[in-house]
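S.K.: Shown below is the structure under consideration.
The values are calculated or read from the model by the stated rules, or taken from the named source; none is laboratory data. A quick note: this is a predicted structure, and the numbers were derived from the prediction, not measured. All Cβ positions, even for glycine, are placed from backbone atoms using ideal geometry, and neighbour counts span all protein chains on display.
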Amino acid sequence: MAGLTPASATAEPKAGLSPTQEAWRRFKRHRLAYWSLWLLGLLVVAVLIGPLMWKVGVNDVDLLASLSRPSAKHPLGTDDLGRDLLARLLYGGRISLAVGLAAMLTAVLVGVLIGAIAGMSRGWVDAALMWLTDLFLSLPQLPVLLLLIFLFREPLKQTFGLEAGIFILIVAVIGGFRWMPVARLVRAQFFSLREKEFVEAARALGAGTPRQVVRHILPNSLGPVIVAATIDVAAAIIAESTLSFLGLGFPPDIPTWGRILYDGRDYLDIAVHWALFPGIAIFLAVLTINFIGDGLRDALDPRRVL
Amino acid sequence: MGGYILRRCLIALPSLLGISAVLFTVLALAPGDPFEELATNPNVPPEVRMALRVQFGLDDPVWERYVRWLASMLKGDWGYSFVSRINVDELILQRLPTTIVVIGLSQLLAIAVAIPVGVLAAVKPYSWFDRIASTVAFVGFSLPTFFTGVLFILLFSITLGWLPFVYRSDISSTGWQFLWDHFKQSIMPITVLGLFQAASMMRYVRSAVLDVIRLDYVTTARSKGLSERVVVLRHVVRNAMIPVVTLVALQMPTVFGGAIVTEQIFRIPGIGSLLIDAILRNDTPVIMAVTFVFSGLVIFFNLVADVLYGWLDPRISYR
Amino acid sequence: MNETQLRALVEEVRRGALPRRRFIEQLVGLGLTAPMASMILMHEGVAQTPTPLPYLGTKRGGGGTLRLMYWQAPVHLNPHFASGTKDQDSCRIFYEPLGGWDAEGNLIPVLASEVPTRANGGLSADGRNVTWKLKRGVKWHDGRDFTADDVIFTWQYAGDPASAMLSVNIYRDVKVVKVDSHTVRIEFGKPTPFWAEPFVGTWGLILPKHVFEPFAGAKSRENPANLKPVGTGPYRLLDFKPGDMLRAEANPTYHVPNQPFFDALDLKGGGDATSAARSVLQTGEFDLAWNLSVEDVILRQLEAAGRGRVHFFEGSDLEFVALNPTDPWKEVDGERASAKSRHPAFGERAVREAMSLLIDRKSISEAIYGRGAIASANFLNNPVRFRSTNLKYEFNIEKANQVLEAAGWKRGPDGIRAKGGSKLKFVFQTSVSGPRQKCQAIIKDACGKAGIDLELKSVVAAVYFGGDFANPDTYQKFWVDMQMYTTTMTQPDPQTFMEQFTSWELSQKENKWARRNITRWQNADYDATHKAAQAEIDPVKRAALFIRMNDLLVGDQHVVPLFSRPRPYGVGAKLRPVLSAWDNTTWALGYWTRES
C-alpha cells in the first residue's frame, strides 16, 4: 500500500523557497536523476543540431562502402547500402525521441485520467470505464491500425502536411494501445489509497474530490506510472518501427532507431555495429527517462525517500 | 463482496457481446479481401470471384453478418476458415497444446524471475544487486524480441550448435527422449519471451515493494524482532501485491494470441502466429474466433484481479 | 529477330549444326520461354531424344527423411485452387499431371506413357486435337486404379465455373473425350498453338474421380480431401496442419520402379526467409529451403559454412517499374487514373527516358539481390549473355539531366525541375519488403541528383496485392505516379502474360479494377499483334510476334524492366534434387536423392 507516513528521516524544506524551487532543489539532490536530465538534454540537442553539424547525407547511397566498420569517415559505420549510420541515427533520433516521448505522454495521461476517474467513482462509471479498457485490450492491433490509416491518413495529410499528419496518427495509435495497463494500475492504487487515513483527514478538512485526488492521492500513486512511462518510451520507439515495417508509419527511407535496429538484425554476425548503435541509443533514452522519473517522484513528494 | 462478484459476472456476458460487436465491425470495415488470390490471378474470371463472395456472404451488410456469426457461435459452430477450409475450432485446438506449453511456461518463468528479483532489489535499493538487476531489466525491455530471438539463435544454434531453432510439433520419440527433445527446442523461445516480460515486471515489483518497505508497520514488525525474511514475506510482499496482481492479470490473456513475434522467429505453431496469418490473409472467421476467446480471457482475468484486490487489502470495498 | 531468322535457326538444329540446348537458350534470350522454344522444335518435327532425368537411387526407400523448409506454410492441398507456389508445390508431392517441364523446357511424360507428337499420331495436323496415352498400372494412394475416367473428371471439375477453381480458364473452353480406358483426346475447337496446357505442369494435376465427385461444383471448398489428398505421387500423406507443417511417407505402390529414395518427407512452414536460409546452410536441420528472397550478401556469408549452397533457377519472374500514363491526381468523371486523362510529366517521352536512365539496374541487382536478380532490358526474361540487340538499358545521370534540360524542364529554387506549372515530384509505391525498400532508396537518391523528387510509399503486401476495390492503395488502382513489383508468368506460354498490356484488359472503375492492364498502357499496334498471335498456329511466326510485342512495349518506356528474378533455393550439400524453373519445385520429387 502506498503513501503511509514513512518512518525514515525526511528532507526538511528550506525556508524562503517557493514550492517549485523546493521541488527543483529536491530533484537536484537525486544525483542520478540530475545527470540523467543532462544526458537526455544532450541527446535531444544532438538530434536537433547534430544533422546540421555532421553534414553527411542521410540517404547518400555508397555501395562501395557497404557494411564498413566504424572509422574516421563513418564514426558509427555504414549499413548495407553504404549510408552513414551516425547521420541516420541523428536524423532519425528526432522522430524516435519525439514519437517515444509523445506516445508515452499520451498513454500516461490518458491512462492516469481514466484510472483516476474509475478509481474514485464507483458503480456504473467504473464499470463503463473498465468495459472500455477491456475493449481496447481485446482489439487486435493490426486490423485497427489498417483501418485507422485507411480512414485518417489522407485527411490528416491534407490538414497538417505529410510528416506532421503521420506523426499525429502514429502517436495516437501507439499511445492509444498502451494506456490500458496504466489505467488499471492507477485505478488499483486509487482503490487502496482512497480509504487511507490521510485522505480521510483531508476530506474532514473540507477538501473536495478534485483536491483530494490531485494533492493527496495522485502523488502517491506515481510509482507504477513512472515504471510504465519508462517502459512505454522503449515500447513506443520499437512500435514505430513495427509500424514502419508494415508500411503504416513513416515512409521506409526515414531512419528511425527502431527501424535501423530492425534492418540490422539479420547482419549480427556480419556487421554487428549496425544493430548495436541504435540499440544503445534506445537503451540510453530508457535509462535517462527512468532516473528522471525517480527524481520527479522524490521531488514532488518529500516524504518519499526513493 | 459476494454481491459485487455476482454483479460483475452478470455484466460480463453483455460486455463480451458488446466487445464482439465492435470487433466484428472493425474487421468488416478494415481494408483487405479474403479472396485476393483470385483477384490477382489472370485465369479467374471476375464472375467466379463474385460468386464466391456471395457464397460466403461477404457482400451482405455488416449487422446481418454479425448476427449470423453470433447465432452460429451460440450454436457451437465457430465457422470455417476462408483460407484453409477447415473448421476454426479444429484449427485452434490443433495449436492450443503448443501455445499453452511454450507461451504459458514463458509467462510462468517471467513471474518466477520477476517477483524474487524485484523484491530483493527493493529490499536493498541502489545496492549492487539492485543496480545490476535494474540495468539488465532496462536492457531487457529496450531490446525487442525480434532482436533477442535472433541473438539467441545465432549464439545457441549456429555458433554453439547446442539447440535446434525450428520448432517441430511432431516429435516422434517417446518417454525421456521426448521430454528432452521438447526441452531443447522450447528453451530458447521460452527464455526469450520470459525474460522480456520479466524485465518490465521486475521493475513494477520493485516499485511496488519500495512503496511499502519504509512504512510504519514494517518498522514495527522489524522492531518486534521478526526476522527479515518473515518481515519481507509476511508483511511486505502481500501488501505490495496489488500492482503485481493487476499486471499478471493483464499478461495472462496474451498467452492466447499475444506472442506473435517470438512464435514467428522460432516457427512455433501457436495461436499468435495463427492470428497474424489470419489477419494478413483477411480470414475473418479465424480472426473473430481468436479475438473472441481473447476478449473473454481479458474480461475474466481482470475480474479475478478486481476480486483479489479485496482479498489482499481488506480496506478496499466495493459499494 | 524476325520469323525468317527463327526458321533458319530451327533448320540449324535439325541439321545438327546448332545444339538443341543452345537454340533454346537463344530464344530465351529474346524473351521467350524454354517450353515455348521446345514446342517450336517439336512442331517443326525436330526429333527430341528423350534424356532421362538423373536418378542415383537403386532401390525404393532407405534414404531417411527428406526435410523441406517453406517459410510460407501451405494452407490447403487442392491443386486447382492453390494460388501460391507454396501450396502448389505441396500439392505436387501427392498429385501428378500427364506431363511436366524440365529445366530446359522439355516436356517429360509423368502419368502419360509418351509425349504426343505428329509422328506418333498424338497431334492432329490441323492443330485442333491432342491425344494422350495414359500409363498403365498406376494406382491411387487408396489402391484404386488410375484410368481415363479420372482425367475426364478433372476436366469437368476444374472447368466448371461453379467450382471456382483457379485453373478454370484452361479447362472451360476445351472438350475432353474418352477414347478408351487409357486414352483421352482433348478437342480444342480451334487451332491451338500451345496445346500442352491442359493436364500438364502446375495446373494439370489429375484428381481421383471417386474422391472428388461427391464435392463437385459449389461444394468444392468443403471437401475433406482438400486437406487429406489421395493422389498418385511418390508420397502419401500422414499428417497435415494448415499453416504449419505436413508429414508424408513413401508410397509403396508408386508407378516408377525404385522410387522414391526417401522413406518419409517433412515439410515445415512459417517464419522468415533469412532464418530459413540458416536452417539449411548453417545448421543443416533442413535439406532444402524454398524461395530465399534474402540479400545476397547474407546468403554468401551463410554459404561460407560449407554445408550447402544457393541455387538460382532462371524463370520468367520480372521486376519492373511502371510509369503511369494517366493522371492519378485528377478525377475525370469521378475516377482517378482514368484512361481518359494524361499524366502531365510521364506523358512526355523525355521524362520517361530520363527515368529509365536514372535507374541503376546493375548496381541495384548486384548490391541488393546479388545472384537473385539479373539486370534486364526486356519484359520477357532475358539472361545477360544473350541480350536482344533491339533494346538495351543504360544508367547515366548526366544524360538524364541533359534530356530533361533539353525538353524544357528547368530546375526551380528548390532544386526540383518544373515546366509550365507542373513539377517533377512523384509518389513511388511498392509493397513492403526489405530489398524493395532499398531499391526505392537507391532510385530516389539518383533521381534527386537529376532534379526529380520522389516520395516513397510502401504498402503491406496483403493490401497492395489484395483485390479490395474500396482500398486506394492496391496496385490495381495505381493511384500514384510510379509503382514497382514483380510479375510472374503462370504458364510457360507468354500469351496470357502479354495480354496484360492490351486495351481490352484495361483496369478501370467500371470493371471494379479487376482487369489485368493495371499499367493503363495502350497501343493499337500492340493490340493488333496480340490478336494475331492468338490465332497464329505456326510457332515460329508466333514467336516473332511476341518478340515484336516486347519491343513495342519496352520501347515506349512506360514499362521499365529492371531485372529478372531467378528463384533461389537453399540446397544442403548432400542433397541431389531435380529442379526446374518452368514447373513446381517438387515436379520430379521421386527423382530426388541424397548422398550419404
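S.K.: For A:GLU12, work out the one condition from (1) surrounded by fewer than 16 Cβ atoms within 10 Å (Cβ to Cβ); (2) at pLDDT 75 or above it doesn't fulfil.
M.R.: Tallying (1) surrounded by fewer than 16 Cβ atoms within 10 Å (Cβ to Cβ); (2) at pLDDT 75 or above, A:GLU12 fails exactly one: (2).
S.K.: Working carefully through the options C:PRO97, C:PRO109, find the one that is closer than 24 Å to C:VAL28 by Cβ, without any contact (Cβ under 8 Å) to a residue 40 or more places away in the chain and either away from every other protein chain (no Cβ under 14 Å) or not acidic (Asp, Glu) (or both).
M.R.: On the way: C:PRO97 fails: without any contact (Cβ under 8 Å) to a residue 40 or more places away in the chain.
The conditions single out C:PRO109.
S.K.: Go over the candidates B:ARG65, B:ARG53, B:ARG49 one by one and state the one that is modelled with pLDDT of 70 or more, touching a Leu at 6+ places or on another chain (Cβ under 6 Å) and more than 7 Å from every other protein chain (Cβ to nearest Cβ). Spell out the reasoning first.
M.R.: Details: B:ARG65 fails: touching a Leu at 6+ places or on another chain (Cβ under 6 Å); B:ARG53 fails: touching a Leu at 6+ places or on another chain (Cβ under 6 Å).
Result: B:ARG49 is the single residue among B:ARG65, B:ARG53, B:ARG49 that is modelled with pLDDT of 70 or more, touching a Leu at 6+ places or on another chain (Cβ under 6 Å) and more than 7 Å from every other protein chain (Cβ to nearest Cβ).
S.K.: Considering only the range C:78-104, how many residues are of a type in the set (A, V, I, L, M) and surrounded by fewer than 24 Cβ atoms within 10 Å (Cβ to Cβ)? Can you show your working first?
M.R.: Within the range C:78-104, the first condition is being of a type in the set (A, V, I, L, M), and the residues that meet it are C:82, C:93, C:98, C:103.
After this cut, where a residue has to be surrounded by fewer than 24 Cβ atoms within 10 Å (Cβ to Cβ) as well, the list is C:103.
So the answer is 1.
S.K.: Out of the residues in the range C:395-432 meeting the condition of being of a type in the set (Asp, Glu) and exposed (fewer than 14 other Cβ atoms within 10 Å of the Cβ), tell me which one is modelled with the lowest pLDDT.
M.R.: Here is the first cut: in the range C:395-432, the residues of a type in the set (Asp, Glu) are C:398, C:405, C:414.
Going one step further and asking which of them are exposed (fewer than 14 other Cβ atoms within 10 Å of the Cβ), we end up with C:398, C:414.
Details: C:GLU398: 91, C:ASP414: 88.
Among them, the one singled out is C:ASP414.
S.K.: Please indicate, with yes or no, whether at least one residue in the range C:68-78 is within 13 Å of another protein chain (Cβ to nearest Cβ), under 18 Å from the mean Cα position of the chain (by Cα) and of a type in the set (Gly, Ala, Ser).
M.R.: Within the range C:68-78, none of the residues are within 13 Å of another protein chain (Cβ to nearest Cβ), under 18 Å from the mean Cα position of the chain (by Cα) and of a type in the set (Gly, Ala, Ser).
S.K.: Given the residues A:ARG94, A:ARG69, A:ARG122, A:ARG88, which is the only one that is surrounded by 22 or more Cβ atoms within 10 Å (Cβ to Cβ) and either within 14 Å of chain C (Cβ to nearest Cβ) or charged (D, E, K, R) (or both)?
M.R.: Details: A:ARG94 fails: surrounded by 22 or more Cβ atoms within 10 Å (Cβ to Cβ); A:ARG69 fails: surrounded by 22 or more Cβ atoms within 10 Å (Cβ to Cβ); A:ARG122 fails: surrounded by 22 or more Cβ atoms within 10 Å (Cβ to Cβ).
Checking each option against the conditions leaves just A:ARG88.
S.K.: Related question: Within the range C:300-333, which residues are of a type in the set (A, V, I, L, M, F, W, C), touching a Leu at 6+ places or on another chain (Cβ under 8 Å) and closer than 30 Å to B:ILE158 by Cα?
M.R.: C:LEU302, C:ALA305, C:VAL310, C:PHE313
S.K.: Just checking, how many residues over the range C:212-229 are more than 8 Å from chain B (Cβ to nearest Cβ) and closer than 20 Å to C:ARG247 by Cβ?
M.R.: Of the residues in that region, 4 qualify.
S.K.: For C:TYR171, are the conditions met, namely being assigned to a helix (DSSP H, G or I), within 23 Å of C:SER83 (Cα to Cα) and without any contact (Cβ under 8 Å) to a residue 40 or more places away in the chain?
M.R.: Details: assigned to a helix (DSSP H, G or I): yes; within 23 Å of C:SER83 (Cα to Cα): yes; without any contact (Cβ under 8 Å) to a residue 40 or more places away in the chain: yes.
When the stated conditions are applied, C:TYR171 passes them.
S.K.: Only one of these conditions is not met by B:GLY79: (1) within 14 Å of chain C (Cβ to nearest Cβ); (2) within 28 Å of B:ASN239 (Cβ to Cβ). Which number is it?
M.R.: Result: B:GLY79 passes all but (2).
S.K.: Sticking with this one: Working only within the range A:264-280, note down all residues that are at pLDDT below 85 and part of a helix (DSSP H, G or I).
M.R.: A:ARG265, A:ASP266
S.K.: While we're looking at this one, here's another question. State the number of residues belonging to the range C:129-154 that are in a helix (DSSP H, G or I) and either surrounded by fewer than 22 Cβ atoms within 10 Å (Cβ to Cβ) or free of Cβ contacts under 8 Å to residues at least 12 places away in the same chain (or both). Walk me through it before giving the result.
M.R.: At the first step, the residues of the range C:129-154 found to be in a helix (DSSP H, G or I) are C:148-154.
Okay, now just the ones that are also either surrounded by fewer than 22 Cβ atoms within 10 Å (Cβ to Cβ) or free of Cβ contacts under 8 Å to residues at least 12 places away in the same chain (or both), so C:148-149, C:152-153.
Total meeting the criteria: 4.
S.K.: Something else now. Condition first: touching a helix residue (DSSP H, G or I) at 6+ places or on another chain (Cβ under 7 Å), farther than 30 Å from C:TRP290 by Cα, away from every other protein chain (no Cβ under 14 Å) and in contact (Cβ under 8 Å) with a residue 40 or more places away in the chain. Can you find one or more residues in the range C:112-128 that meet it? Give the steps one after another, and end with the answer.
M.R.: Quick first cut of the range C:112-128, residues touching a helix residue (DSSP H, G or I) at 6+ places or on another chain (Cβ under 7 Å) only: C:117.
The next check asks that each one be farther than 30 Å from C:TRP290 by Cα; those that pass are C:117.
Add one more test, that the residue is away from every other protein chain (no Cβ under 14 Å), and what stays is C:117.
Add one more test, that the residue is in contact (Cβ under 8 Å) with a residue 40 or more places away in the chain, and what stays is C:117.
Scanning the range C:112-128, I find at least one residue that is touching a helix residue (DSSP H, G or I) at 6+ places or on another chain (Cβ under 7 Å), farther than 30 Å from C:TRP290 by Cα, away from every other protein chain (no Cβ under 14 Å) and in contact (Cβ under 8 Å) with a residue 40 or more places away in the chain, so the answer is yes.
S.K.: Take the residues in the range B:174-224 that are of a type in the set (D, E, K, R), surrounded by 15 or more Cβ atoms within 10 Å (Cβ to Cβ) and within 11 Å of another protein chain (Cβ to nearest Cβ), then tell me which one is nearest to B:PHE266 (Cα to Cα).
M.R.: B:ARG203
S.K.: Oh, and also: Among A:ALA102, A:ALA98, which is the only one that is among the small types (Gly, Ala, Ser), within 30 Å of B:VAL245 (Cα to Cα) and at pLDDT 85 or above? Steps first, please.
M.R.: Details: A:ALA98 fails: within 30 Å of B:VAL245 (Cα to Cα).
After ruling out the rest, the residue left standing is A:ALA102.
Let's see how each residue does on (1) under 19 Å from C:GLY315 (Cβ atoms); (2) crowded, with 24+ Cβ neighbours inside 10 Å:
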site: C:ALA535; (1), (2): no, no
site: C:ASP538; (1), (2): no, no
site: C:ALA544; (1), (2): no, no
site: C:PRO561; (1), (2): yes, yes
site: C:ARG567; (1), (2): yes, no
site: C:VAL571; (1), (2): yes, no
site: C:LEU575; (1), (2): no, no
site: C:LEU589; (1), (2): yes, yes
site: C:GLU595; (1), (2): no, no
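S.K.: Related question: Does C:THR474 meet the test of being surrounded by 19 or more Cβ atoms within 10 Å (Cβ to Cβ), within 10 Å of another protein chain (Cβ to nearest Cβ), of a type in the set (Ser, Thr, Tyr) and over 20 Å from C:ILE359 (Cα atoms)? Walk me through it before giving the result.
M.R.: On the way: surrounded by 19 or more Cβ atoms within 10 Å (Cβ to Cβ): yes; within 10 Å of another protein chain (Cβ to nearest Cβ): yes; of a type in the set (Ser, Thr, Tyr): yes; over 20 Å from C:ILE359 (Cα atoms): yes.
For C:THR474, the condition - surrounded by 19 or more Cβ atoms within 10 Å (Cβ to Cβ), within 10 Å of another protein chain (Cβ to nearest Cβ), of a type in the set (Ser, Thr, Tyr) and over 20 Å from C:ILE359 (Cα atoms) - is met.
S.K.: Moving on to the next point. Looking at the range C:535-569, which of the residues that are part of a helix (DSSP H, G or I) and among the charged types (D, E, K, R) is farthest from C:VAL280 (Cα to Cα)? Lay out the reasoning, then the answer.
M.R.: Here is the first cut: in the range C:535-569, the residues part of a helix (DSSP H, G or I) are C:535, C:539-555.
When the remaining residues are screened for being among the charged types (D, E, K, R), the result is C:541-542, C:548, C:551.
Numbers: C:LYS541: 45, C:ARG542: 43, C:ARG548: 43, C:ASP551: 41 Å.
Filtering the range C:535-569 for residues that are part of a helix (DSSP H, G or I) and among the charged types (D, E, K, R), the one farthest from C:VAL280 (Cα to Cα) comes out as C:LYS541.
S.K.: Given the criteria surrounded by fewer than 24 Cβ atoms within 10 Å (Cβ to Cβ), modelled with pLDDT under 80 and either of a type in the set (Asp, Glu) or in contact with a strand residue (DSSP E or B) (Cβ under 8 Å, 6 or more places away or on another chain) (or both), does C:ALA377 qualify?
M.R.: Numbers: surrounded by fewer than 24 Cβ atoms within 10 Å (Cβ to Cβ): yes; modelled with pLDDT under 80: yes; either of a type in the set (Asp, Glu) or in contact with a strand residue (DSSP E or B) (Cβ under 8 Å, 6 or more places away or on another chain) (or both): yes.
Against the criterion (surrounded by fewer than 24 Cβ atoms within 10 Å (Cβ to Cβ), modelled with pLDDT under 80 and either of a type in the set (Asp, Glu) or in contact with a strand residue (DSSP E or B) (Cβ under 8 Å, 6 or more places away or on another chain) (or both)), C:ALA377 qualifies.
S.K.: Another question about this same structure. Please verify whether C:THR496 is under 24 Å from C:ARG548 (Cα atoms), among the hydroxyl-bearing types (Ser, Thr, Tyr) and assigned to a strand (DSSP E or B), treating the condition exactly as stated. Steps first, please.
M.R.: Working: under 24 Å from C:ARG548 (Cα atoms): yes; among the hydroxyl-bearing types (Ser, Thr, Tyr): yes; assigned to a strand (DSSP E or B): no.
It is false that C:THR496 is under 24 Å from C:ARG548 (Cα atoms), among the hydroxyl-bearing types (Ser, Thr, Tyr) and assigned to a strand (DSSP E or B).
S.K.: Of all the residues that make up the range C:340-377, how many are closer than 30 Å to C:GLN301 by Cβ, part of a loop (DSSP other than H, G, I, E, B) and among the hydroxyl-bearing types (Ser, Thr, Tyr)? First the steps, then the outcome.
M.R.: Initial filter on the range C:340-377 (closer than 30 Å to C:GLN301 by Cβ): C:359-376.
In the following step, the residues that additionally are part of a loop (DSSP other than H, G, I, E, B) were identified as C:359-360, C:373, C:376.
After this cut, where a residue has to be among the hydroxyl-bearing types (Ser, Thr, Tyr) as well, the list is C:376.
Selection size over the range C:340-377: 1.
S.K.: Looking at the structure I just gave you, is C:ASN523 of a type outside the set (Asp, Glu), within 14 Å of chain B (Cβ to nearest Cβ), over 30 Å from C:THR274 (Cα atoms) and free of Cβ contacts under 8 Å to residues at least 40 places away in the same chain?
M.R.: Values: of a type outside the set (Asp, Glu): yes; within 14 Å of chain B (Cβ to nearest Cβ): no; over 30 Å from C:THR274 (Cα atoms): yes; free of Cβ contacts under 8 Å to residues at least 40 places away in the same chain: yes.
The answer is no for C:ASN523.
S.K.: Which residues, counting only those in the range C:227-243, are assigned to a strand (DSSP E or B) and closer than 14 Å to C:PHE94 by Cα? Full working, then the answer.
M.R.: First, the residues of the range C:227-243 that are assigned to a strand (DSSP E or B): C:235-241.
Correct list: C:TYR235, C:ARG236, C:LEU237, C:LEU238, C:ASP239, C:PHE240.
S.K.: OK, next. Is it the case, given these coordinates, that B:ASN282 is closer than 18 Å to A:LEU146 by Cβ, out of contact with any Leu (no Cβ under 6 Å at 6 or more places or on another chain), touching a residue at least 60 places away in the same chain (Cβ under 8 Å) and buried (at least 21 other Cβ atoms within 10 Å of the Cβ)? Steps first, please.
M.R.: Details: closer than 18 Å to A:LEU146 by Cβ: yes; out of contact with any Leu (no Cβ under 6 Å at 6 or more places or on another chain): yes; touching a residue at least 60 places away in the same chain (Cβ under 8 Å): yes; buried (at least 21 other Cβ atoms within 10 Å of the Cβ): yes.
Judged against the criteria, B:ASN282 is a match.
S.K.: So which of B:PHE165, B:PHE141 is buried (at least 21 other Cβ atoms within 10 Å of the Cβ), facing chain A (nearest Cβ under 8 Å), aromatic (Phe, Trp, Tyr) and in contact (Cβ under 8 Å) with a residue 24 or more places away in the chain?
M.R.: Numbers: B:PHE165 fails: facing chain A (nearest Cβ under 8 Å).
Step by step, each of B:PHE165, B:PHE141 is checked, and only B:PHE141 is buried (at least 21 other Cβ atoms within 10 Å of the Cβ), facing chain A (nearest Cβ under 8 Å), aromatic (Phe, Trp, Tyr) and in contact (Cβ under 8 Å) with a residue 24 or more places away in the chain.
S.K.: Right, here's the next one. If you scan the range A:137-177, which residues turn out to be in contact with a Phe, Trp or Tyr (Cβ under 9 Å, 6 or more places away or on another chain), surrounded by 15 or more Cβ atoms within 10 Å (Cβ to Cβ), in a helix (DSSP H, G or I) and not aliphatic (A, V, I, L, M)?
M.R.: Within the range A:137-177, A:SER138, A:GLN141, A:GLY165, A:PHE167, A:GLY176 meet the criteria.
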